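S.K.: There's a structure below that I have some questions on.
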Amino acid sequence: MEKGFKYFLWIIVLGLFVGIFIAVKVPKPSITIYEEIELKKIISDWNSDLPSNIGTVGTMDSIIYHDRTIIYNITVFGDNGIKEIYQKNYNEFKDILKYSLLVMNGQRNMGNLFSSILDNKELNLGFRIYTQDGDFTEWEIPGHELNEFTKACQMSPTTALRTTIDMHIEIANLHLPVKIEDIQDPIKSVILNSILGDLDENCLPKSIVHVGEDIIFEYNVSEEIIDLDDLDIIKNKPEFVERFTSSIIEDEDVHEFLGLLAISHSNMIITYEGRTTHKSVSIRIPYYILKKYCKIPQYLLS
């Protein structure tokens, strides 16, 4: 039902930065030979757990260190034509990668810390996004550029996450709300396929709204499938919210996404609006429940 989340999951890849910045201790001018050896060891250890799935939309393949650059190799599933979208919107995707650092600030300002360390150590960050034909699109961002960005762009982690959603929707040229007839249209790109390919016509995404620390996903639903009157009665009961959260993480992509919300200190609200009655019912999942059910190790969440 909530599979629409997956369409931007691969952009902010969970765990990209976690573990690496911990390896480099207190910032000093440039990186010493000893620190470089330690960094390579940490990356080697990190690779022992790779490749790993990013929901059902791609894989994190490996992390390499070359020429003072930490490079993340990622593969996305779907149509190879996604390369054209990357090239056409190359700078916009680069900005999305930068905003992911700000999302990390929900946990002990890890984004600012990481960009500062890269800058002080004169290191760069690289991304290679592979398609199924083995071709890839590459971005490289100098540490000083990341650090300047994080200093200049002051926003809450929740706002940063919402910004990446806005940018991705614009890049994909996907206009919400999704209509029933949209499901039957041919889907070419991996971005559109990942949201429209698995949609249930009984529960269609209507909008994504950001209010304060809440990110709200609105759905247009069939009352024959979801009894909104019954839902309205139990929506605020703690035991129901717990059951509801445990049920939605059965979808692997939703499970991944909860981690992004937890990292950004966001709350999640799912609003169902009846297709016939227009009755609206909202289920609020606060941060403390999200972090309980997400995949992110608890010691990394504040």
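S.K.: Can you confirm whether segment 256-277 contains a residue that is free of Cβ contacts under 8 Å to residues at least 24 places away in the same chain and of a type outside the set (D, E, K, R)? I'd like the intermediate steps shown before the answer.
M.R.: Here is the first cut: in segment 256-277, the residues free of Cβ contacts under 8 Å to residues at least 24 places away in the same chain are none.
Among the residues of segment 256-277, not one is free of Cβ contacts under 8 Å to residues at least 24 places away in the same chain and of a type outside the set (D, E, K, R), which makes the answer no.
S.K.: Counting just the residues of segment 50-77 that are among the aromatic types (F, W, Y) and open to solvent by 10 Å² or more (accessible area, probe 1.4 Å), which one comes out nearest to I37 (Cα to Cα)?
M.R.: Result: Y65.
S.K.: Now for a separate question. Could you please let me know if I37 is at pLDDT below 80, assigned to a helix (DSSP H, G or I), more than 24 Å from K295 (Cα to Cα) and out of contact with any Lys or Arg (no Cβ under 7 Å at 6 or more places or on another chain)? Spell out the reasoning first.
M.R.: Values: at pLDDT below 80: no; assigned to a helix (DSSP H, G or I): yes; more than 24 Å from K295 (Cα to Cα): yes; out of contact with any Lys or Arg (no Cβ under 7 Å at 6 or more places or on another chain): yes.
So I37 fails the test.
S.K.: Identify all residues within segment 225-254 that are in a helix (DSSP H, G or I), within 30 Å of M104 (Cα to Cα) and modelled with pLDDT of 80 or more; write none if there are none. Break it down stepwise before answering.
M.R.: Filtering segment 225-254 down to residues in a helix (DSSP H, G or I) leaves 228-234, 238-248, 252-254.
With the extra rule that they be within 30 Å of M104 (Cα to Cα), the set shrinks to 238-248, 252-254.
Listed by number, the residues that qualify are P238, E239, F240, V241, E242, R243, F244, T245, S246, S247, I248.
S.K.: Looking at I289 and the list (1) in a helix (DSSP H, G or I); (2) buried (at least 18 other Cβ atoms within 10 Å of the Cβ); (3) over 20 Å from the mean Cα position of the chain (by Cα), which single condition is not satisfied?
M.R.: I289 satisfies every listed condition except (3).
S.K.: Among the residues of segment 111-151, write down those that are in a helix (DSSP H, G or I), open to solvent by less than 10 Å² (accessible area, probe 1.4 Å) and aliphatic (A, V, I, L, M).
M.R.: I117, L118, L146
S.K.: If you check I234, I249, I225, which single one turns out to be open to solvent by 50 Å² or more (accessible area, probe 1.4 Å) and more than 13 Å from I283 (Cα to Cα)?
M.R.: On the way: I234 fails: more than 13 Å from I283 (Cα to Cα); I249 fails: open to solvent by 50 Å² or more (accessible area, probe 1.4 Å).
That would be I225, the only listed residue that is open to solvent by 50 Å² or more (accessible area, probe 1.4 Å) and more than 13 Å from I283 (Cα to Cα).
S.K.: Separate question: Taking the stated definitions as given, is K279 within 24 Å of G212 (Cα to Cα), basic (K, R) and open to solvent by less than 70 Å² (accessible area, probe 1.4 Å)? If you could, list the steps in order and put the result at the bottom.
M.R.: Details: within 24 Å of G212 (Cα to Cα): yes; basic (K, R): yes; open to solvent by less than 70 Å² (accessible area, probe 1.4 Å): yes.
Against the criterion (within 24 Å of G212 (Cα to Cα), basic (K, R) and open to solvent by less than 70 Å² (accessible area, probe 1.4 Å)), K279 qualifies.
S.K.: Further question: Please work out which residue is modelled with the highest pLDDT, limiting yourself to segment 152-161 and to residues that are open to solvent by less than 30 Å² (accessible area, probe 1.4 Å) and touching a strand residue (DSSP E or B) at 6+ places or on another chain (Cβ under 8 Å).
M.R.: The extreme case among them is T158.
S.K.: Looking only at residues in segment 19-31 that are in a loop (DSSP other than H, G, I, E, B) and open to solvent by less than 60 Å² (accessible area, probe 1.4 Å), which one is modelled with the highest pLDDT? Break it down into steps so the answer makes sense when it comes.
M.R.: In the first step, residues of segment 19-31 are kept if they are in a loop (DSSP other than H, G, I, E, B); the result is 19, 24-31.
Filter again for open to solvent by less than 60 Å² (accessible area, probe 1.4 Å), leaving 19, 24, 27, 30-31.
On the way: G19: 46, V24: 48, P27: 54, S30: 76, I31: 79.
Looking at the filtered set, the residue picked out is I31.
The values are calculated or read from the model by the stated rules, or taken from the named source; none is laboratory data. Keep in mind that what you see is a predicted model, and the values were worked out from it rather than measured. So basically every Cβ, Gly included, is an ideal-geometry build from the backbone, and we count neighbours across all protein chains shown. In case anyone asks, the SASA skips ligands and DNA or RNA and just uses the protein heavy atoms, side chains included. Shrake-Rupley method; radii C 1.70, N 1.55, O 1.52, S 1.80 Å.
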